[in-house]
1. Just to be sure I understand the curve: with the Debye formula and one point per C-alpha of segment 139-288, what is log10 I(q)/I(0) at q = 0.11, 0.16, 0.17 Å⁻¹?
2. Which pairs break 20 Å Cα to Cα here: Lys116/Lys369; Lys265/Lys313; Lys116/Lys396; Lys61/Lys215; Lys116/Lys215; Lys71/Lys212?
3. By how many nm would the segment from Arg198 to Asp336 grow when fully extended, if each residue of separation counts as 0.36 nm and the alpha-carbon distance is taken off?
4. Relative contact order of segment 270-429: what whole-number percent is it, with Cα pairs under 8 angstrom and at least 6 residues apart?
5. How fast does segment 335-440 diffuse by Stokes-Einstein, in µm²/s, taking the Kirkwood radius from C-alpha pairs at 20 °C and 1.002 mPa s?
6. Give a quick list of GluC sites (Glu not before Pro) in segment 353-440 that DSSP marks as loop, anything other than H, G, I, E or B, with at most 12 other Cβ atoms within 10 Å.
7. Can you pull the Rg over Rh of segment 45-92, Cα-only, Kirkwood?
8. Provide, for q = 0.08, 0.10 Å⁻¹, the log10 of I(q)/I(0) from a solvent-free Debye sum over equal Cα point scatterers in segment 93-432.
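Throughout, read-outs are computed from the coordinates displayed, never taken from laboratory work. All figures in this text were calculated on a predicted structure; none of them were measured in a lab. Every residue, glycine among them, receives a Cβ derived from its backbone with ideal geometry; neighbour counts consider all protein chains shown.
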Amino acid sequence: MAVLSAGECSYSESGVSSHSKQDEVAMRGSEDEDKDGLCNIAHDHIPLDLTVEILTRLPAKSLKRFQCVSKEWLSTIRNQAFIDSFSSMSQTRSRFLVAVRGNDENRVFLLSSSHKETKIPTTPTPGWFVNPIGYTCLHTTLEMTMSGLPVDLVHCSSVHGLFALLHPSYPGRFTICNPSTREMITLPDIEATSSGRREQTYLFLGYDPVGKEHKALCSTVLYGERCQQHWVLTLGRGKLSWRGIQGGKTLRYTVVTKGICINGKVYYGGWITRGEEKKARILRFDVRSERLVCIARFWPCLTQGSLINYNGKLASVYPDPRRPLRIFHLLVLEEDLDKRRWIMDTICFHPLLPELSGGIQLNMLGTSKKGEIILGPLKLPPKHEPLYIFYYHERKGKDFIRRVEVEGFEEFGCNHTSDEQCVCQLLLSVDHIESLASLQ
């Protein structure tokens, strides 16, 4: 008897797995016994286009298993057209991705949840004619666990279904994983492509929605050099190798924000060095054309806040120093051809928000497909305590806020007694999608 390990498939010459051949014999026997002719399973057949339509609506993990059904299904699921169709469907049902570096700094947990919330019955808020607060919950599932190297989640990112990790103790070592398929690769060392000792190395992950490709951008500077060098690598094309880009050398700079990919462009902030002078700039990498340009000058986003996707536009957000638990300053970058300008706005959240959050500092994570502002904590909550995220929107001049409890998370919480001892980190991605994209 042949023994199959997990994930392996055994096919006959007809392209049907050995299990399904036995089932076929059993079905034919049952049909012969059906004298009334009411059951004729052997002649039933689901058209291929309908099969594809059904498969695109299934979770990625199920599709991974269904590749063992038959050679036809294996070929269908691995077909690039099907992968693109599945990606388009996944974008309509985006998910939360919760990355946790817990008490062991060498281990990272990736959990995900759909945006389908379960309403929690509550009593009306006293003193309010229309209840401004809603309570719901989301259930998370553990997608994968990665261990072996220390990871700094501050510079990690989720981009169109893939997750990029940096290892601060090993400059130049980057890991890309697909939480949906649990595939993980370590990118080749950039040192093999450049000479000299590196002083700083940064990695950014981007996605080209036209070419439907993920690309990694590496920015590095050597000791004693005044110029920054840039390299790019395309995932999913077999052999992984770095290549230089046109105009790949720029003035030396230090990256001070996490990169964010919006509509095929990666944005990040840095201090550009010109002689003894340092200037704060926003840099933009076009994933399709592989061009890197400096597009805007700005200070607050580099010194106080973070970059987010605000309704499809780049924005910088930072809390008000005097009332950081309730008031945030938002600057949205308006781009019109070659003209760019920052539009400033101040958002004053509902007065009950500090109480609902337990007085902890929140950060704006971005916006939902409905235009709601999403907020989440900066730090990992203590072990066995709930993790909350918040949705805010304004309707007819009134503020409404929804507190969402992230269930299935409690065991990954922090058990340190002081901030000095704590090595835990938390990263929330609000627009993660399932992906079948191959990393090699």
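1. Once normalised to I(0) and log-transformed, intensities are -0.42, -0.90, -1.02.
2. Working: Lys116/Lys369 13 Å; Lys265/Lys313 11 Å; Lys116/Lys396 25 Å; Lys61/Lys215 24 Å; Lys116/Lys215 31 Å; Lys71/Lys212 25 Å.
Those over the limit are Lys116/Lys396; Lys61/Lys215; Lys116/Lys215; Lys71/Lys212.
3. Gain in length upon complete extension: 45.9 nm.
4. Relative contact order here is 12 percent.
5. This corresponds to a translational diffusion coefficient of 129 µm²/s.
6. Working: sites: Glu355, Glu372, Glu394, Glu405, Glu407, Glu410, Glu411, Glu420, Glu434; in loops: Glu372, Glu420, Glu434.
Here the sparse-neighbourhood loop sites are Glu420.
7. Rounded to two decimals, Rg/Rh equals 0.93.
8. -0.40, -0.63
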